[in-house]
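Below is one structure, written out as structure tokens; comments come after it.
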Amino acid sequence: MIPEPQCVFLRAADNFAPCVDYVARTFSRWARFRCEICTPEEFVGKPRPEHPSFVIYYGTRDDFQAWFSSVEKKVKGQPLVGISRSAFFGQSFLESPDLPESPSQLLDMAKEEGFSKHVEHVGERVCFVDVDLIASSFWFLTRYEEYVISPPEAHDRFLCSFSIAPTEMYDQPVVNRWFEQLKALVLRLAKKEDTMLVPRKATVVLTHDIDLLRKYRGLAGVRRTISAMMHGDAREATSEIRMASLVLAGLRRDPFDSFDEMFSLKERIGAPSTFFLMGGGDAPLDGDYSLEDQNVRELIMRILSKGDEIGVHPSYETYRSPELIQKETKAVEEAIGHPVIGARQHYLRFALPETWYALAECGLRYDSTLGFADKSGFRCGWSGCLRPFDIEKRIELPIIELPLVAMDITLAVYEKIPPEKAVERLARLMDASETPGGAFVVLWHNTLHDRRAYPGYWDTMEYFLFASAGTVEFTTAGKMCEEFELRMVHTG
């Protein structure tokens, strides 16, 4: 095995050191570097059996130049990159939601030619990057603005439309892109090859939130459906009444009963997936099934027999309640006969950082909720797994986040992308997710099979997945989590 390059990351020992250290650790885990974090003074004063592969200094330009001038002879020949420190980590921290740098600069830095414009060569194998990539990465990875802005939304969700960042910044995992450019720079200075740049397929994590199993849930369900249709086109209402009658008479399958088609496609393309099942909840927007129902037991057996993963889908009111999450997780575990390791919150309801704490308290190892309900894309600026961070306590949390990238209902209902164009949108997001350790996490509901409500979208999802087969690697959310945990063992 080729040993990982050793990186030393230098920063001030101030109140914001834990925040800076978090970004440094996230970078080193992604880049597969062994990373030591210390102050500039500690670096100079500490004897070392060998020189590190390279050094990254985070500070203002003046501080960097003054420090480099004082130690130039001692670090001569040492690859060294300075990164500008803005005023973000300062007195207005957690008061203003603003980005540390201008959006245009940050988007420019995601491209090689744009990044190079902000790199100043100040000596032999010594460079200075004049954009604060550390604070900017922190802003996205931690969802900093969500600690400052209160979401005025019916379901208490933070929507992309609330973000002060331009929407195009979420079309790619910008933090991964910055890390790619930074890693390429330090390896060039160190005259080392990137052992991670091995051609590989994109990774797709196919997931399913099982919210509802039946559209026509007895007479009450039919009444709700008919009432909703009566406010629309009269012919549609008549057609809906006819369909409900046929389903209740046993002459037609319920539109939400789409598992035969779903499993058939999964088998043809060799795609394992993760199903998130509800273990309770009695809010109006919660599920319509019990884990003890015979059809649910049969579905569970079918999922497990295919080698797929089952996680818990905590109900509508659980996102601030570890007690409710614990109760529902236990119910799912009893139904499937083994421990559950992951979750996705119903309706994507999530409170930072309370929901992470609640999930971790229940022994869950990962969450896959953090995607925007109203826009597909990279909410954390990140593709793949990461450790979340509590900004207020300034600590890393003992759980893994695998951010959701695309949800079928987002495309159909919120973004209103026509089915024929949704394939192109999914393909662009999948391509953007490609980075070492990255993953295109997509949510495909069984309810999408309701062709009256979502005309053309089931076919769109089938076509996209079938067309991707052979060019991508399918895996489960749980396996992504396990790979990330193994990486942390080696890099810290």
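The values are calculated or read from the model by the stated rules, or taken from the named source; none is laboratory data. Fair warning: this is a prediction, and the values are worked out from it, not measured in the lab. Because the Cβ atoms are built from the backbone with ideal geometry, glycine has one as well, and the counts that use them run over all protein chains shown.
Count of the stretch 97-137 residues, restricted to those that are in a loop (DSSP other than H, G, I, E, B) and either touching a His at 6+ places or on another chain (Cβ under 7 Å) or modelled with pLDDT of 95 or more (or both), is 13.
Given the residues SER86, SER96, SER69, SER53, which is the only one that is of a type in the set (S, T, N, Q) and under 24 Å from PRO173 (Cβ atoms)? Within the list SER86, SER96, SER69, SER53, the selection yields SER86. Considering only residues in the stretch 9-45 that are among the aliphatic types (A, V, I, L, M) and at pLDDT 95 or above, the one that is surrounded by the fewest Cβ atoms within 10 Å (Cβ to Cβ) turns out to be ALA13.
The numbered conditions (1) outside any helix (DSSP H, G or I); (2) in contact with a helix residue (DSSP H, G or I) (Cβ under 9 Å, 6 or more places away or on another chain); (3) more than 18 Å from ILE56 (Cα to Cα); (4) touching a residue at least 24 places away in the same chain (Cβ under 8 Å) are all true for GLU168 except (1). Taken together, ARG451, ARG387, ARG379, ARG428 contain a single residue that is surrounded by fewer than 20 Cβ atoms within 10 Å (Cβ to Cβ) and under 20 Å from VAL23 (Cα atoms), which is ARG387. Looking at the structure I just gave you, is ALA12 in a loop (DSSP other than H, G, I, E, B), in contact with a strand residue (DSSP E or B) (Cβ under 8 Å, 6 or more places away or on another chain) and on the phi < 0 side of the Ramachandran plot? So ALA12 passes the test.
SER150 fulfils the conditions (1) surrounded by 14 or more Cβ atoms within 10 Å (Cβ to Cβ); (2) modelled with pLDDT under 95; (3) of a type in the set (S, T, N, Q) except for a single criterion, (1).
Checked against the criterion of being over 11 Å from the mean Cα position of the chain (by Cα) and either small (Gly, Ala, Ser) or part of a loop (DSSP other than H, G, I, E, B) (or both), the candidates LEU404, LEU364, LEU370 yield just one match: LEU364.
Of everything in the stretch 295-333 that is of a type in the set (S, T, N, Q) and crowded, with 18+ Cβ neighbours inside 10 Å, the residue that is nearest to LEU352 (Cα to Cα) is THR318.
Here PHE88 passes the criteria (1) surrounded by 12 or more Cβ atoms within 10 Å (Cβ to Cβ); (2) in a helix (DSSP H, G or I) except the one numbered (2).
Scanning the stretch 419-429 finds no residues that are over 18 Å from HIS208 (Cβ atoms), assigned to a loop (DSSP other than H, G, I, E, B), modelled with pLDDT of 95 or more and over 15 Å from the mean Cα position of the chain (by Cα). Residue under question is GLU261, and the condition is that it be closer than 22 Å to HIS346 by Cα, more than 22 Å from the chain's Cα centre (by Cα) and assigned by TED's automatic domain parsing to the domain that holds ALA351; does it hold? Answer is no for this residue. Among all residues of the stretch 70-89, there is at least one that is among the basic types (Lys, Arg), touching a strand residue (DSSP E or B) at 6+ places or on another chain (Cβ under 8 Å) and modelled with pLDDT of 95 or more.
For (1) outside the structural domain of ALA13 (by TED's automatic domain parsing); (2) touching a Cys at 6+ places or on another chain (Cβ under 8 Å); (3) under 21 Å from PHE27 (Cβ atoms), each residue gets a yes or a no:
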{"position": "ASP63", "(1), (2), (3)": "no, no, yes"}
{"position": "GLN78", "(1), (2), (3)": "no, no, yes"}
{"position": "PHE88", "(1), (2), (3)": "no, no, yes"}
{"position": "GLU101", "(1), (2), (3)": "no, no, yes"}
{"position": "GLU120", "(1), (2), (3)": "no, yes, yes"}
{"position": "SER137", "(1), (2), (3)": "no, no, yes"}
{"position": "GLU146", "(1), (2), (3)": "no, no, no"}
{"position": "HIS155", "(1), (2), (3)": "no, no, no"}
{"position": "PHE158", "(1), (2), (3)": "no, no, no"}
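Taking the residues in the stretch 280-294 that are within 27 Å of the chain's Cα centre (by Cα) and in contact (Cβ under 8 Å) with a residue 40 or more places away in the chain as candidates, determine which candidate is surrounded by the most Cβ atoms within 10 Å (Cβ to Cβ).
So the first thing to find is which residues in the stretch 280-294 are within 27 Å of the chain's Cα centre (by Cα), and the list is 280-281, 283, 285-287.
Checking the rest, the ones that are also in contact (Cβ under 8 Å) with a residue 40 or more places away in the chain come to 280-281, 285-287.
Details: GLY280: 21, GLY281: 18, LEU285: 14, ASP286: 19, GLY287: 23.
Here the residue is GLY287.
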